[in-house]
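Worksheet: one structure, shown below.
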Amino acid sequence: MQKLYDMHMHTRFSGDSEANPKDMIAAAKERGLAGLIFTDHLDWDYWHEPHLFDLDLQHYLPYLGSLAKSESTEEFSIGVGIELGLQEHLVDRHKELVTTRPFDFVIGSIHQVNKMDPYYDDFYEGRTIEDSLTEYLECTLRNLELFHDIDTLGHLDYIVRYASRVSGEHITIDTKKYKEVLEAIFHLLIKNNICLEVNTGAFRHGLPEPNPSEELLQFYYNLGGRLLTLGADAHTPEHVALEFERIPALLKNIGFTSLIHFAHRRGTEIALE
Ligand SMILES: [Zn+2]
Ligand SMILES: [Zn+2]
């Protein structure tokens, strides 16, 4: 298999992971990856459980930064990034954060929609799945209109993981039904040189395809989108690089020819073999 980078993973610095960063490195090396980037959660104002995802910035960058230095080799690179939970009222704080700290890579993700996380069942109470999807995508668009200082948009259809659980069937975002808002999101990404993330964490949630779905990836490609990053969104070592072996063929089949890897917030193209 081609040597790929896993550019989305969590460790004990995230409120929902106990993973030892050294075990994540060992797992990635064992799986023959070219490298990894740590991207622990920072979701300020996480309304469901305040401070659960407040990242200990004081220790995060120094600790992982020195670990990255000591464990990186010529064949295996380690970066330190972040997964930022975007919310409209946090734009100024996020701008300040990403311009003053030396992250290698910044993922922007939508985990909060009107102070609720679609991860929880109560998000779907009193409305249809269709309305929930619309609200999620519109919230994504509003955030991207306000804030561009991210390198990739994390798991665009994150909500389908949980909407599928709640409804008991595989929910997908239909590109015809949600055409307008999807077009607006993809145009904003393309115009601002923000990548779209392919997140294989979906397989861990029992979905048959990554986030975003193949249909969404094809729609992005058709609009001219070419910049993709890849991550498994692992919270434990066994999920590092989950199902990566499926990804090159899946992407090439759509028309993509490369993935983007980041260091010091600069992207480098990695050709798909
Ligand atoms: Zn996320
Ligand atoms: Zn994540």
Residues of region 117-128 that turn out to be within 16 Å of ligand 1 (Cβ to nearest atom) and open to solvent by 60 Å² or more (accessible area, probe 1.4 Å), as a count: 1
Selected residue (criterion: farthest from ligand 1 (Cβ to nearest atom)) from residues of region 153-181 that are assigned to a loop (DSSP other than H, G, I, E, B), without any contact (Cβ under 8 Å) to a residue 60 or more places away in the chain and not β-branched (Val, Ile, Thr): Lys176
Enumeration of residues in region 26-45 that are open to solvent by 10 Å² or more (accessible area, probe 1.4 Å) and either within 16 Å of ligand 1 (Cβ to nearest atom) or at positive phi (or both): Gly32, His41, Trp44, Asp45
Of all residues making up region 66-101, the number that are open to solvent by 30 Å² or more (accessible area, probe 1.4 Å), closer than 17 Å to Thr39 by Cα, small (Gly, Ala, Ser) and in a helix (DSSP H, G or I): 1
Which numbered condition Glu18 misses (of (1) over 26 Å from Ser132 (Cβ atoms); (2) crowded, with 23+ Cβ neighbours inside 10 Å; (3) within 15 Å of ligand 2 (Cβ to nearest atom)): (2)
Residues being open to solvent by 30 Å² or more (accessible area, probe 1.4 Å) and of a type outside the set (Phe, Trp, Tyr) - total across region 219-231: 5
So Gly85, is it away from ligand 1 (no atom under 16 Å from the Cβ), within 16 Å of the chain's Cα centre (by Cα) and of a type in the set (Gly, Ala, Ser): no
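Residue-by-condition table, conditions (1) away from ligand 2 (no atom under 16 Å from the Cβ); (2) surrounded by 16 or more Cβ atoms within 10 Å (Cβ to Cβ); (3) not charged (D, E, K, R):
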residue	(1), (2), (3)
Lys179	yes, no, no
Ile185	yes, yes, yes
Ala202	no, yes, yes
Asp233	no, yes, no
Arg266	yes, no, no
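When you check Ser132 against the structure, is it away from ligand 1 (no atom under 16 Å from the Cβ), hydroxyl-bearing (Ser, Thr, Tyr), open to solvent by less than 10 Å² (accessible area, probe 1.4 Å) and in contact with a helix residue (DSSP H, G or I) (Cβ under 9 Å, 6 or more places away or on another chain), yes or no?
It is true that Ser132 is away from ligand 1 (no atom under 16 Å from the Cβ), hydroxyl-bearing (Ser, Thr, Tyr), open to solvent by less than 10 Å² (accessible area, probe 1.4 Å) and in contact with a helix residue (DSSP H, G or I) (Cβ under 9 Å, 6 or more places away or on another chain).
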Residues satisfying the stated conditions in region 34-59, i.e. more than 26 Å from Ala241 (Cβ to Cβ) and touching a residue at least 60 places away in the same chain (Cβ under 8 Å): Asp45, Tyr46, Trp47, His48
Given (1) over 29 Å from Pro21 (Cβ atoms); (2) open to solvent by 10 Å² or more (accessible area, probe 1.4 Å); (3) more than 18 Å from the chain's Cα centre (by Cα), index of the condition Thr172 fails: (3)
Residue within region 263-273 that is more than 28 Å from Gly79 (Cβ to Cβ) and in contact (Cβ under 8 Å) with a residue 12 or more places away in the chain present: no
Leu242, sole failed condition from (1) free of Cβ contacts under 8 Å to residues at least 40 places away in the same chain; (2) outside any helix (DSSP H, G or I); (3) within 18 Å of the chain's Cα centre (by Cα): (1)
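The values are calculated or read from the model by the stated rules, or taken from the named source; none is laboratory data. If you're wondering where the values come from, they're calculated on a predicted model, not measured in any experiment. Using ideal geometry, Cβ is built from the backbone for each residue, glycine included, and neighbour counts are taken over all protein chains shown. The accessibility values were calculated without ligands, DNA or RNA, using every heavy atom of the protein model including side chains. Shrake-Rupley method; radii C 1.70, N 1.55, O 1.52, S 1.80 Å.
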